[in-house]
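Below is one structure, written out as structure tokens; comments come after it.
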Amino acid sequence: MSILEAEGITKHFGGLTALSGIGFHVDQGEILGLIGPNGAGKTTLFGLISAALPPDRGVIRFKGEVITGLKPHQVCRRGVARTFQSVKVFPNMSVLANVMVGSFFGRPNTVSAAAAEGESVELLEFVGLSAFAAIPARDLTLANQKMLEVARALATAPELLLLDELMAGLNPTEIGLAMDLVTRIRDRGITVFMIEHVMKAIMCVCERIMVLHHGEKIAEGTPKEIAASKTVVEVYLGESAYA
Ligand SMILES: Nc1ncnc2c1ncn2[C@@H]1O[C@H](COP(=O)(O)OP(=O)(O)OP(=O)(O)O)[C@@H](O)[C@H]1O
Ligand SMILES: [Mg+2]
């Protein structure tokens, strides 16, 4: 069963076509990868799903209901959360308070301060940041700021989580931890749609992968099918994918 479906999604920035008639679905409970060269339109697509940007054409449905035309906070309260390619934490607030923002503002129902704090403490534990709860978010490393964004997104109690290059800039140990985290998020019953350039992560963690190039969907399939696709190898992966 699909949790998210999109048809005919088109987005122009002036004369540039960032997305051209994209159609796809995300199955409930899966980890779907989104790959493609720089400028392919991946982040733009997440912007459209999360309502940060309006599409020029096309429709997006979440759990069978049209979400195109809603405001970003309305999409979040329906159950779609995201992280950002360039991290956006609240730098002067504590790590714990950053997560509590998600509980307070991202849910359809009001959450008490005590409940928000309790859940945020648990989420910091889940992403491995318990030791840093009281420090300002600006003092975290890049990798930990990314983990904080994940915790804040999870605090909105999403059913679908969009991760935009969670692993970019992380070292191999941190990438391993992030791959494990993505799997544990899905094991909590949350569907994951992730943009990533770290191929090891995409190939190991995702059940399905979609490939964008110049705003068009050029392939979709299992990691094995994508690695074997001549088109994908030509435009993105390169011959090393066969190695
Ligand atoms: N707000 C904007 N205004 C104008 N052009 C934009 C805007 N956002 C994106 N673009 C352009 O749209 C195209 C798609 O950009 P997008 O950020 O979606 O690519 P991407 O696939 O996420 O790339 P990357 O892998 O580098 O993050 C690019 O040519 C980009 O320059
Ligand atoms: Mg991007």
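From the residues in the stretch 200-223 that are crowded, with 19+ Cβ neighbours inside 10 Å and small (Gly, Ala, Ser), which one is nearest to residue 10 (Cα to Cα)?
215
Restricting attention to the stretch 135-150, which residues are out of contact with any Leu (no Cβ under 7 Å at 6 or more places or on another chain) and either surrounded by fewer than 19 Cβ atoms within 10 Å (Cβ to Cβ) or over 17 Å from residue 175 (Cα atoms) (or both)?
Within the stretch 135-150, 135, 136, 138, 139, 141, 142 qualify.
Output the number of residues of the stretch 21-39 satisfying the condition of being of a type in the set (Gly, Ala, Ser), within 11 Å of ligand 1 (Cβ to nearest atom) and surrounded by 23 or more Cβ atoms within 10 Å (Cβ to Cβ).
1
Output the residues belonging to the stretch 63-86 that are in a loop (DSSP other than H, G, I, E, B) and of a type in the set (D, E, K, R).
Of everything in the stretch 63-86, those that are in a loop (DSSP other than H, G, I, E, B) and of a type in the set (D, E, K, R) turn out to be 63, 71.
If residue 94 satisfies all but one of (1) buried (at least 21 other Cβ atoms within 10 Å of the Cβ); (2) among the polar types (S, T, N, Q); (3) over 26 Å from residue 215 (Cβ atoms), what's the number of the condition it fails?
(1)
Just the residues that are within 16 Å of ligand 1 (Cβ to nearest atom) and not in a helix (DSSP H, G or I), please, taken from the stretch 184-199.
Within the stretch 184-199, 193, 194, 195, 196, 197, 198 meet the criteria.
Could you tell me whether any residue of the stretch 40-59 is surrounded by fewer than 16 Cβ atoms within 10 Å (Cβ to Cβ) and outside any loop (DSSP other than H, G, I, E, B)?
yes
From the set of residues in the stretch 22-37 that are of a type in the set (Gly, Ala, Ser) and away from ligand 2 (no atom under 16 Å from the Cβ), which is farthest from the chain's Cα centre (by Cα)?
23
Report, ordered by the first and then the second residue, all pairs with beta carbons closer than 8 Å, sequence separation of six or more or different chains, a first member in the stretch 75-103 that is on the phi < 0 side of the Ramachandran plot and of a type in the set (Phe, Trp, Tyr), and a second member that is crowded, with 17+ Cβ neighbours inside 10 Å and not in a helix (DSSP H, G or I).
If the second residue must be crowded, with 17+ Cβ neighbours inside 10 Å and not in a helix (DSSP H, G or I), the pairs left are 84/164.
Given the conditions (1) of a type outside the set (Phe, Trp, Tyr); (2) in a strand (DSSP E or B); (3) crowded, with 16+ Cβ neighbours inside 10 Å; (4) in contact with an Asp or Glu (Cβ under 9 Å, 6 or more places away or on another chain), report the number of the one that residue 18 does not fulfil.
The failed condition is (4).
Does residue 181 fit the bill of being in a helix (DSSP H, G or I), in contact (Cβ under 8 Å) with a residue 40 or more places away in the chain and not β-branched (Val, Ile, Thr)?
yes
When the residues of the stretch 151-191 are narrowed to those that are within 18 Å of residue 125 (Cα to Cα) and among the polar types (S, T, N, Q), which ends up surrounded by the most Cβ atoms within 10 Å (Cβ to Cβ)?
156
Every read-out reported here was derived from the displayed coordinates using simple, explicitly stated rules and does not represent laboratory data. Fair warning: this is a prediction, and the values are worked out from it, not measured in the lab. We place every Cβ from the backbone using ideal geometry, glycine too, and count neighbours over all the protein chains shown.
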